[in-house]
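Written below as structure tokens is the structure these notes are about.
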Amino acid sequence: MKFTSTLIALAFAVPAWAEPLTLTPADPQPDAGDLTPGLAVAYAYPKSPKTLEDAADALKKSRPGPAIKGMSYDTPEGELVMTSRKGTKVAASITGFLRFDAAGTFTVDVISNDGVQTFLGGQEIAFYDGVHACEPAGEQEVIVPEAGWYAIETTYFQRKGSACLMMDWNVSGEMGLVPDEAFAHTE
């Protein structure tokens, strides 16, 4: 009986893999001459963000900031969050494109401290709300129907302490950081 109840408890403790999501390529595909490296970002500075809803409310009064190089930030406490003007209590709306060089089925994951919600190619690939340490939102399998650019939109907030916003993928066969060169935006 104890063995059976342990198995049942483990079955509910391990999250089930989400179904693969089919991404939609940007249509029309952006012209290379119209693209700038990195991602566009707008910032807001809420008093004490604790949820993505707090961040979204603050971002209604956001201001554009300098573009970010990609999603590869792991910032120690006391340093500025990405290209913002503050090290704490930051909300960001991030937009642009992510380039896949080949069609296929891949795994993606967004790692954040604190809350994050990311849409890629029209599909929500990450949602991890609340205040937490630098942790993954959870791997998501995606179907990339063709090589090219895919729209990416992220809402992110950092409350206090250290900050991180990173994205991993397995396009080379194993999970690793998405290179900054794979991101671009239009001005």
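The values are calculated or read from the model by the stated rules, or taken from the named source; none is laboratory data. Since we're looking at a predicted model, the values are computed, not measured. Here the Cβ positions follow ideal geometry from the backbone for every residue, glycine too, while neighbour counts run over all protein chains shown. The protein model used for the area step is the full one, side chains on, heavy atoms only, and it has no ligands, DNA or RNA in it. Shrake-Rupley method; radii C 1.70, N 1.55, O 1.52, S 1.80 Å.
Taking the criterion of being under 14 Å from Val108 (Cβ atoms) and in contact (Cβ under 8 Å) with a residue 12 or more places away in the chain, the residues of segment 166-186 that qualify are Met166, Met167, Asp168, Trp169, Asn170, Val171, Met175, Leu177, Val178, Pro179, Ala182, Phe183. Taking segment 104-138 as the range and being in contact (Cβ under 8 Å) with a residue 60 or more places away in the chain, open to solvent by 20 Å² or more (accessible area, probe 1.4 Å) and part of a loop (DSSP other than H, G, I, E, B) as the test, the residues that pass are Gly122, Asp129, Val131, Cys134, Gly138.
Residues of segment 139-187 that are open to solvent by 60 Å² or more (accessible area, probe 1.4 Å) and basic (Lys, Arg): Lys160 alone.
Quick check on segment 45-63. Is at least one of its residues open to solvent by less than 60 Å² (accessible area, probe 1.4 Å) and within 12 Å of the chain's Cα centre (by Cα)?
Within segment 45-63, the subset open to solvent by less than 60 Å² (accessible area, probe 1.4 Å) is 46, 48-49, 51-52, 54-56, 58-59, 62.
Now drop any that are not within 12 Å of the chain's Cα centre (by Cα), which leaves none.
Looking for residues that are open to solvent by less than 60 Å² (accessible area, probe 1.4 Å) and within 12 Å of the chain's Cα centre (by Cα), one finds none in segment 45-63, hence no.
Scanning segment 48-72 for residues that are more than 18 Å from Phe127 (Cα to Cα), out of contact with any helix residue (DSSP H, G or I) (no Cβ under 7 Å at 6 or more places or on another chain) and modelled with pLDDT of 95 or more gives Ala58, Lys60, Lys61, Ser62, Arg63, Pro64, Gly65, Pro66, Ala67, Ile68.
Just to check your reading of the model, which residue among Gly87, Gly78, Gly33 is among the small types (Gly, Ala, Ser) and either under 30 Å from Pro145 (Cβ atoms) or part of a strand (DSSP E or B) (or both)? Don't jump to the end; show me each part of the working.
Working: Gly87 fails: either under 30 Å from Pro145 (Cβ atoms) or part of a strand (DSSP E or B) (or both); Gly78 fails: either under 30 Å from Pro145 (Cβ atoms) or part of a strand (DSSP E or B) (or both).
When all the criteria are applied, what remains is Gly33.
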